[in-house]
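The values are calculated or read from the model by the stated rules, or taken from the named source; none is laboratory data. Here the structure is a predicted model, which is why all the values come from computation and not from measurement. Neighbour counts are summed over all protein chains in view; Cβ atoms, including those assigned to glycine, are modelled from backbone coordinates with ideal geometry. Calculation scope for accessible area: heavy atoms of the full protein, side chains included, ligands and nucleic acids excluded. Shrake-Rupley method; radii C 1.70, N 1.55, O 1.52, S 1.80 Å.
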Amino acid sequence: MNIKLFTGLSFISCMMISCNDSTDNIGSSLAGLTDGVKVESASFDVSSQSIIADSVLSRNTVGYLGKVLDPETGSYVTGDFMTQFYSLENYRFPAKDSLVTYDAGGNLVKGVIKADSCEIRLFYSKHYGDSTKTMKLTAYELSKPMNEDRNYYSNFDPMQEGYVRTNGIHKDKVYTLTDFNVPKNRRDTSTYTPYITVKLNEPYTDAQGRSYANYGTYVMSKYYDNPANFKNAYTFRNNVVPGFLFKHKSGIWNMAYINISQLNVYFKYSGRVAYKTRVGGNEVTQYRDTVYHGVTVFWGTEEVLQSTTITNDSRAIASLASDASCTYLKTPAGIFTEMTLPVEEIMNGHEKDTISVAKLSISRINNAHSGDNAFRVPEHVLMIPKDSLYSFFENNKMYNNKNSFVATWSYGTSSSPYGNTYDFNNISGMISAMYHIDRSRRSANWNKVVLVPVSLSTTSTSNQNSYSSRYGSYPYNSSASSTATVTRVSNDMSLSSTKLVRGTTSNSPIKIDVIYSKFK
């Protein structure tokens, strides 16, 4: 190996942070640092291979529903989506005696618990495939809720595990992701969000054998039986609505990326309205009864558990993973890339040196399948020790740039217009930590890391003015800047795929570039 001596100005500039703020002696101080620090660099081969991810933790803010043909393997990928709904804390329906409905003769009846209608809406922000093709799903009522006392992986089968109520709701829905019942000029607006609607207006019988006009009437009755059922999300899912499974039934043309679900209950209630009138020449206030149309919305968002079950062709996945010419990153629940870091070789002869920088770049191989039906390239990739592959996600950890790192595909960015890589700019802390693991305690994976496609959830902090509404706060100064903060790292469950160059033990196309430093 060729090791070159050079003066590391970037390292020296970092060292200067700890110097005195005074500028009087910058020249002499810099000369002293340059004379006192020895900096060396070296490059090492990194080997890699594909590993099959038969399942991943399915704890996401997006649900995936549909069935598509993978153009890379020629096999099918199916997504089934399970979600819960939550009630706002201490939510209250109107007083029971203010509820109104109409009897068979069209007469207004007061004090009767009855929902006009009930529906579930599945809003999707994105989709893959042809949105005009006909699909069919079945909505199943759950018999028990998903709880936080267990982990739900992408191979979880809610029907086999007894989560679907045998005599509960089994409702088929035929749909297209492009809703042709909505005028095109509305669909094309930026404020329109498409959704799939499942109506729940048939007579309903609960698990205790009580019958109701429809599912919405059941939900309302549970409130008037005991308002504490609606105290919070926990009491609501355990006592009222455990959740629903939306299972693909037919069609192979698209997959919806569902980011919000709604359970809507529509009803009517009466109230008194004040109005001014003149009586005997005097203005007086009088009241009249008015019928209002109300709707209660129960949300399925990241505040409650959601899970997607993915069905892949295991033989097709295994065939890709065995390709010796490259490695793969493929989601959902498909293929990861494992890398072996040459830790001992990096530290040999430098046991007392500081590793200032250890940069690792992995180049993509452009997908052979392009066009509208190609799976997208994974945008964010997490590097973690192989022994942490499951615990990282199960413990809801955040990458820390010490023993876990995230790289973003850099192709076409302003900083790297000709790049096509995943760049990990400095994993020196991981190298040092691996080296210092006691030899007697090193596992077979002690120097192995895994590249995992991930989704990053973020919140934005803005310095601009904003206004608030019942739906949240919205900026009205669009020119102001904002900062995005990553709040969650989860397995990428969308349809994505890419090839990477395969690393070898000698003359590898994947190198780790290391800079050492020490005081002379």
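Pick from region 346-392 the residues that are in a loop (DSSP other than H, G, I, E, B) and of a type in the set (Ser, Thr, Tyr): which of them is surrounded by the most Cβ atoms within 10 Å (Cβ to Cβ)?
Among those residues, the one meeting the criterion is TYR390.
One residue alone among PHE93, PHE81, PHE44 is more than 30 Å from SER388 (Cα to Cα) and either among the polar types (S, T, N, Q) or touching a residue at least 60 places away in the same chain (Cβ under 8 Å) (or both), and that residue is PHE93.
Looking at PRO194, PRO203, PRO227, which one is closer than 30 Å to ASP149 by Cβ and either modelled with pLDDT of 95 or more or out of contact with any helix residue (DSSP H, G or I) (no Cβ under 6 Å at 6 or more places or on another chain) (or both)?
Testing whether each residue is closer than 30 Å to ASP149 by Cβ and either modelled with pLDDT of 95 or more or out of contact with any helix residue (DSSP H, G or I) (no Cβ under 6 Å at 6 or more places or on another chain) (or both) leaves just PRO227.
Scanning region 158-210 for residues that are more than 18 Å from ASP130 (Cα to Cα), open to solvent by 90 Å² or more (accessible area, probe 1.4 Å), without any contact (Cβ under 8 Å) to a residue 60 or more places away in the chain and not in a loop (DSSP other than H, G, I, E, B) yields a total of 3. In region 96-115, of all residues being open to solvent by less than 60 Å² (accessible area, probe 1.4 Å) and of a type in the set (A, V, I, L, M), the one that is farthest from TYR328 (Cα to Cα) corresponds to VAL109.
Tell me which residues, restricted to region 236-255, are surrounded by fewer than 18 Cβ atoms within 10 Å (Cβ to Cβ) and more than 16 Å from VAL68 (Cβ to Cβ). Before you say what the answer is, go through the steps one by one.
Restricting attention to region 236-255, the residues satisfying the condition of being surrounded by fewer than 18 Cβ atoms within 10 Å (Cβ to Cβ) are 238-239, 249-250, 252.
Answer for region 236-255, where residues must be surrounded by fewer than 18 Cβ atoms within 10 Å (Cβ to Cβ) and more than 16 Å from VAL68 (Cβ to Cβ): ASN238, ASN239.
For region 274-282, the criterion of being over 29 Å from ASN201 (Cα atoms), in a strand (DSSP E or B) and among the β-branched types (Val, Ile, Thr) is met by at least one residue. Among the residues of region 81-92, just one is assigned to a loop (DSSP other than H, G, I, E, B), open to solvent by less than 60 Å² (accessible area, probe 1.4 Å) and touching a Pro at 6+ places or on another chain (Cβ under 8 Å), namely GLN84.
The single residue among SER410, SER307, SER319 that is assigned to a loop (DSSP other than H, G, I, E, B) and farther than 24 Å from ASN447 by Cα turns out to be SER410.
Here is a check on your reading of the model: is TYR269 over 30 Å from GLY66 (Cβ atoms), open to solvent by 70 Å² or more (accessible area, probe 1.4 Å), in contact (Cβ under 8 Å) with a residue 24 or more places away in the chain and assigned to a strand (DSSP E or B)? So that I can check it myself, show each step before the final result.
Values: over 30 Å from GLY66 (Cβ atoms): yes; open to solvent by 70 Å² or more (accessible area, probe 1.4 Å): no; in contact (Cβ under 8 Å) with a residue 24 or more places away in the chain: yes; assigned to a strand (DSSP E or B): yes.
Against the criterion (over 30 Å from GLY66 (Cβ atoms), open to solvent by 70 Å² or more (accessible area, probe 1.4 Å), in contact (Cβ under 8 Å) with a residue 24 or more places away in the chain and assigned to a strand (DSSP E or B)), TYR269 does not qualify.
Within 15 Å of GLU379 (Cβ to Cβ), modelled with pLDDT of 85 or more and open to solvent by 70 Å² or more (accessible area, probe 1.4 Å): which single residue out of THR458, THR498 fits that description? THR458 is the lone residue from the list that is within 15 Å of GLU379 (Cβ to Cβ), modelled with pLDDT of 85 or more and open to solvent by 70 Å² or more (accessible area, probe 1.4 Å). Just so you know, in region 393-402 the residues that are of a type outside the set (Asp, Glu) and in contact with a Leu (Cβ under 8 Å, 6 or more places away or on another chain) include one that is least open to solvent (accessible area, probe 1.4 Å), and it is PHE393. Just one residue in the set VAL273, VAL297 is at pLDDT 95 or above and within 30 Å of TYR223 (Cβ to Cβ); that residue is VAL297.
Restricting attention to region 35-77, the residues being farther than 30 Å from LYS247 by Cβ, part of a strand (DSSP E or B) and open to solvent by 20 Å² or more (accessible area, probe 1.4 Å) number 7.
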